[in-house]
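Read-outs throughout are calculated quantities, based only on the coordinates presented, and are distinct from any laboratory measurement. A quick note: this is a predicted structure, and the numbers were derived from the prediction, not measured. Note that we place each Cβ from the backbone using ideal geometry, even for glycine, and neighbour counts take in every protein chain shown.
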Amino acid sequence: MSYVVLGFGVLILMLGVVIVVKPEYLFDMFRKYADSFRFQVLAVLTRLALGGALLMAADESKFPIALQVIGGISILAAIVFALMSRVRFKRLLRWALGFAPSFTRIAGVVATLLGGFLVYAVA
């Protein structure tokens, strides 16, 4: 399961770098698919997969408690997104995409650090 977490870590790290360097590239794609039901399903399934992988890999990682907490938060987010209506999900997505560019770059740095942490924790 560590390899799955490693893959998620690398993906999160790369997406964080994209957000820092050129946030409109990723956010334009999010805006394009925001109305799609599949996008909400993908958001739920991705968070479930990440959370489950983190919980299963936690014991063999360098930071088991941190991975358990992050995994639990990820699963909780998946549950919230699954129970959220389409209208509320779209509204949440538009709200998140409406932040000023300076805040999006900060989010990109945080994502890069999180991805790097996940890679380090299971490597």
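Numbers below:
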| read-out | value |
| --- | --- |
| Residues of type lysines that LYS32 reaches as a straight line, Cα spacing below 26 Å, ignoring anything fewer than 8 places off in the same chain | LYS22, LYS90 |
| Per-pair calculated FRET efficiency, R0 = 22 Å: MET29 and LEU113 via Cβ, rounded to 0.05 | 0.45 |
| Distance between modelled label sites at LEU83 and VAL17, nm, 7 Å Cα→Cβ extension | 3.8 |
| Separation between Cα centres of the range 77-123 and the range 40-57, rounded to whole Å | 13 |
| 0 to 90° range, to nearest 10: angle between helix 101-122 axis and the chain longest Cα axis | 20 |
| Residue-averaged [θ]222 nm for the chain, counting only DSSP H segments that reach four residues, each worth -39500 (n - 2.57) | -29000 deg cm²/dmol |
| Relative contact order of the range 2-122, pairs being alpha-carbon contacts under 8 Å that are 6 or more residues apart, as % | 51 |
| Shape category assigned to the range 2-66 from the gyration tensor of Cα positions, a/c cut at 1.5 | oblate |
| Rounded tilt (10° steps) of 64-83 against the dominant C-alpha axis of the chain | 30 |
| Acute angle (nearest 10 degrees) that the helix 37-57 long axis makes with the longest principal axis of the chain, alpha-carbon atoms | 10 |
